[in-house]
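Remarks on the structure that follows.
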Amino acid sequence: MPRSVQCLANGIRVLIDDALRLRDNARKTGQPVPDWRCVECRRPVRPYKASPYGAAHFEHWKRNPNCSLSDQR
């Protein structure tokens with residue numbers, strides 16, 4: 001399954017490490033998090049930090065069978 005490591009944050013392309021930093025800073029300061037969008041289909045995604053199960057990445061909120069970056073399960 002392809003995992004996206006970049007997205008559009010309020011229309012600007014960012015890498016996952018930058019997105020996680022933006023998310024954490026927004027939470028700490030009470031600011032809204034950016035509008036995360038898939039670089040391919042422009043549907044909403046959310047950032048996930050690295051874990052024992054995989055590297056940091058973005059996942060679609062809702063599967064999109066027409067997007068190669070969406071989980072197809």
**Distance (nanometres) between label positions extended 7 Å along Cα→Cβ at Asn66 and Arg42** = 1.2 nm
**Asked** Please state the relative contact order of the chain as a whole percent: Cα pairs under 8 Å, 6+ residues apart?
**Response** 34 percent
**Request:** Give, to the nearest whole percent, the P(r) tail of the chain beyond 19 angstrom, counting all Cα pairs.
**Result:** 30 percent
**Request:** Working from Cα positions, state the angle (0 to 90°, nearest 10) between the long axis of helix 16-29 and the longest principal axis of the chain.
**Result:** 40 degrees
**Request:** Mind giving me the nanometre distance, one decimal, between the label points for Val33 and Ile12, set 7 Å out from Cα along Cα→Cβ?
**Result:** 1.8 nm
**Request:** Starting from the Cα-Cα distance between Tyr53 and Val5, subtract it from 0.36 nm times their residue separation and give me the gain in nm to one decimal.
**Result:** 15.7 nm
**Prompt:** In 5 Å bins starting at 0, how do the alpha-carbon pair distances of segment 1-42 split up by percent?
**Reply:** 6, 25, 30, 22, 12, 4, 1
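Readers should treat all values here as calculations from the given coordinates under stated rules, not as data from a laboratory. Predicted model only: the values in this text are computed from it and were never measured. Cβ: placed from backbone, ideal geometry, glycine included. Neighbour counts: every protein chain shown.
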